[in-house]
Amino acid sequence: MNKTSSNRFSILIYLFIIIWVFLASFPFFWTFWGSFKVELDFFSISNWYNAVTGKNTFDTYKSQFTGAGYEGAWVQEEFWRSFVNSAIVCFFVVLTSLTIGTLGAYALSRSNYKYTFWLLITALIFRAMPPITLVAGYLPPFFEWNIWGILPTTIIVLVSINQPFTLWMLHSFFQNIPKELDESAKVDGCSQFQAFRHVIIPVMWPGVITTGLFSFLLAYNDFAVTAMLLSDENRTMIPKIAAFLGTTYTEGNVMFAVAAVVSATVPLFILVMFFQKKIVSGLTQGAVKG
Amino acid sequence: MKHKTFFWFILPTFLAMLIFIFLPIISVVLQSVHTPHENVLITVENCDPFGCKKVTSIDHEATKNLKQSEPLGKFVGLDIYFDRGHLAIENFKLIWNNSENIFSFIQSLSNLPFYKAVFFTLTFTFTVTPIMLLLGLLIALGVNSISKKLRGIVIFFSLLPMIVTPLIGSIILFWMIDSRGIIGNLIQWLFNDPNLSLKASTTLTWIMLIVYGVWHAIPFSFIVFYAGLQTVPKDQLESAKIDGANKFEEVIYIIIPHLMPLITFVTLMQLMDNFRVFEPIVGFSAEAHATSLSWIIFNDLGGETRQLSAAATSSILTIIGVIILLSPVLLRTWKDFKFKK
């Protein structure tokens, strides 16, 4: 290859990457920008450019930006309730998943008996099943015992259906930690649990945080299970947004839904900003270990 | 680790999975072979001076007793599996006998709700997976050859389609694709047809959902392949260059074989994830043109009439589908395990 053709080739590569970055990020910026406009601008029949300049927004509010959608969603439609519910669910799901997950995954990584293999395989099959297939099994007993619709039930269910994933991920992190470490702690007189608590966990922190991020995402993003198991007033953000869609189209408050969608995306944006490296390492962890 | 210590460490997570995954599966299996009791009817003859009349009414006492003695409902065996909402054996036979060729067979079959969902789920799974593998690999190769300073920011933006909640991601795209949205406008302008709407046609709806699926899944394959590219042995690439291999040959003969385990891994994960496709159908309000297995279950469970038996049956059929999809992997793991022994 001569120099000019190799230059041309690398320009093509840059162009390709720029197109991908544009496709990946533009929808979010567009919706974020549009969420400060009125509906006639966001969905503009006359001219799409109105969504950029906010012509109709200016006519209504004497400013190119308006927080009306956010006010409608957060105050009028009480989206803040769903935000609080999501925060509670995510916090407890992450805390519980990690507590019981680290204990289990540690045991699985330190035992060589046949049953460890079968436990891991069972977890893999459970991991592959769509969570919605279990919901028919939850409903009758939950109604019977009157525990349907409340947050604690949903938290326990989310923890349990995410355990297979959590176990596999933590298991591969624990396998990177040499067994000699717990052996030497035990020689020094620690019990197995003390070795785990005071020697292994401090070394494991990066792995625990990465796994925590993923259980947070699983809880935050869940729609099928939370929509089925939570009553209307206990809804988390995602089922609330789905419920918005049904009502707002009829009432003409589409901008409430747009504002709610943007509000639910912002925490994820911040998460990626701060934990990009951890997320990447988590995604590749399972892969590299096989 | 001793059996006893192992037991106490594993107990909490084991109980969680036993109570909230294993037992519900058993319950779903039982529900799928039972149907709710019908009311017990009772016929009494009422006689008055003008004659006798037979009156049929609900015997509440007997109904209550029946429901208490058999809380699961009436045992119906595999009836629900074979009914019109699921495998529809009778309609299947009829269509099989009346169809002239395979295309008309598939076409008539896709009028049945369950088969309609199966066709979409399979089409989605087996188009999204190869496309995302290919594009993810191309992007990984591209990012690997751009300046190191830019890679961080590219990865940041690349992660967004995957990290963002599937329902939200599909709603955002749906608003843009709306005939009054920016992409909808663009498409109308490109095809010079002001009435063109992606939502009105089945084919276009399917394409829209598949494009969303690819957009959502690319980051995963890209990130995994990009990490894999960092471990390609440099000396092999060097010697290939000396032998006069061009970029394309390098990719085919060195990079792809090196990435093969990762490609298998990503394929497996994607088959599992795409098979459960559900949120985009809700986000795109596409249920008139495309339904999936998960969507059918969700639809039966929701609403005023919670049709638990129907949902349970679809759930079992879905789980069987997942197991068939996974069987090559499970078989291989089992063989590895036996070989090790």
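Bear in mind these aren't lab numbers, they're just calculated from the coordinates by the rules spelled out. Please read all numbers here as calculations on a predicted model, not as lab measurements. With ideal geometry, Cβ positions are generated from the backbone for all residues, glycine too; neighbour counts draw on all protein chains shown.
What to note about this one:
- Relative contact order computed over the range B:134-218 (Cα-Cα under 8 Å; 6+ residues apart), in percent: 27 percent
- For chain B: relative contact order, % (alpha-carbon pairs under 8 angstrom, 6 or more apart): 22 percent
- Set the Cα radius of gyration of the protein assembly as shown against 2.2 N^0.38 Å, with N its number of residues, and you get 1.09.
- Crossing angle, helix A:237-251 versus chain A [Cα axis fit, 0-90 degrees, rounded to tens]: 20 degrees
- Bridge type composition, the protein assembly as shown - antiparallel percent by DSSP, nearest 5: 90 percent
- Residue-span extension gain [B:ILE256 to B:GLN107] - 0.36 nm each, minus C-alpha spacing: 49.8 nm
- For the options A:TRP168, A:TRP48, A:TRP80, a Gaussian network treatment of chain A with springs between C-alpha atoms closer than 10 Å singles out A:TRP48 as fluctuating the most.
- Estimated FRET transfer efficiency (A:ILE270, B:LYS234; beta-carbon r; R0 45 Å; 0.05): 0.75
- Database remark: amide H of B:LYS74 closer than 5 angstrom to the amide H of B:THR35, B:HIS37 (H placed geometrically; neighbours at sequence offset of 5 or more, or on other chains; Pro and chain starts carry no H).
- Taken residue by residue and averaged, Cβ atoms of other chains lying within 10 Å of the Cβ of A:40-53 number 3.
- Loop-resident GluC sites (Glu not before Pro) (DSSP state other than H, G, I, E or B) in the range B:4-80 with no more than 11 further Cβ atoms inside 10 Å of their Cβ: B:GLU38.
- Partner lysines whose Cα lies under 16 Å from the Cα of B:LYS335, excluding those fewer than 8 positions away in the same chain, are identified as A:LYS114.
- Label-point separation, B:LEU122 to A:ARG81 (7 Å along Cα→Cβ), nm: 4.5 nm
- Model label zone, A:TYR115; criterion: amide N under 20 Å from point 7 Å along Cα-to-beta-carbon; scope the range B:1-33: B:1-23
- Relative to the Cα centre, the charge distribution of the range B:115-340, modelled as +1 at Lys and Arg Cβ and -1 at Asp and Glu Cβ, gives a dipole magnitude of about 420 debye.
- Each of B:MET132, B:TRP175, B:PHE156 was placed along the dipole of the range B:115-340 (beta-carbon charges, centred on the mean Cα), and the one lying farthest toward the positive end is B:PHE156.
- For a label point 7 Å along the Cα-to-beta-carbon line of B:PHE75, residues of the range B:7-38 with backbone N under 17 Å: B:27-38
- In order along the range B:126-142, the phi-based Karplus estimate (6.51 cos²θ - 1.76 cosθ + 1.60, θ = phi - 60°) of 3J(HN,Hα) comes to 8, 9, 4, 4, x, 5, 5, 4, 5, 5, x, 5, 4, 5, 4, 4, x Hz; Gly and Pro are listed as x.
- Here chain A is treated with +1 on each Lys and Arg Cβ and -1 on each Asp and Glu Cβ, and its dipole about the Cα centre works out to around 1080 debye.
- Computed on chain A, with alpha-carbon pairs under 8 angstrom and 6+ residues apart, the relative contact order is 25 percent.
- Cα gyration tensor category, rounded, prolate or oblate, for the range B:119-205 with a/c compared to 1.5: prolate
- In a simple Cβ point-charge model (Lys, Arg +1; Asp, Glu -1; nothing else charged), the range A:3-71 has a dipole of about 440 debye relative to its Cα centre.
- Using the average count of surrounding beta-carbon atoms within 10 Å as a protection proxy, the listed peptides A:217-225, A:200-208 rank, highest first, as A:217-225, A:200-208.
- Taking the average, over residues, of other Cβ atoms within 10 Å as the packing measure, peptides A:91-101, B:288-298 rank B:288-298, A:91-101 from highest down.
- Among B:ILE281, B:ILE254, B:ILE21, the largest mean-square fluctuation in a Gaussian network model of chain B, built with springs joining Cα atoms closer than 10 Å, belongs to B:ILE21.
- The range B:292-331 versus the range B:164-179: alpha-carbon centroid distance in Å: 25 Å
- Listed values for the range A:270-275 are Karplus-derived 3J(HN,Hα) couplings in whole Hz (6.51 cos²θ - 1.76 cosθ + 1.60, θ = phi - 60°), namely 4, 4, 5, 4, 7, 10, and x replaces Gly and Pro.
- If you plug the beta carbon distance of B:ASN65 and B:ILE19 into 1/(1 + (r/R0)^6) with R0 = 41 Å, you get a FRET efficiency near 0.85.
- Overall, the anisotropy analysis places the range B:232-341 in the oblate class: the square-rooted eigenvalues a ≥ b ≥ c of its C-alpha gyration tensor yield a/c not less than 1.5, with a/b not exceeding b/c.
- Between helix A:201-221 and chain A: long-axis angle, C-alpha atoms, 0 to 90°, nearest 10: 40 degrees
- Distance from the alpha carbon centroid of the range A:88-103 to that of the range B:79-149 works out to 36 angstrom.
- Annotation for the range A:187-245 versus the range B:245-267: alpha-carbon center distance of 35 Å.
- Of the residues A:GLN194, A:GLN163, A:GLN175, the one that moves most in a GNM of chain A with alpha-carbon contacts below 10 Å is A:GLN194.
- Label-point gap, in nm, between B:ILE320 and A:PHE9 - each point 7 angstrom along Cα→Cβ: 5.2 nm
- Gyration tensor (Cα) of the range A:80-289, equivalent ellipsoid semi-axes in angstrom: 36, 20, 15
- For A:GLY149, distant residues with modelled amide H under 5 Å away: A:SER231
- Helix A:132-144 axis versus longest C-alpha principal axis of chain A: approximately 80°, rounded to the nearest ten.
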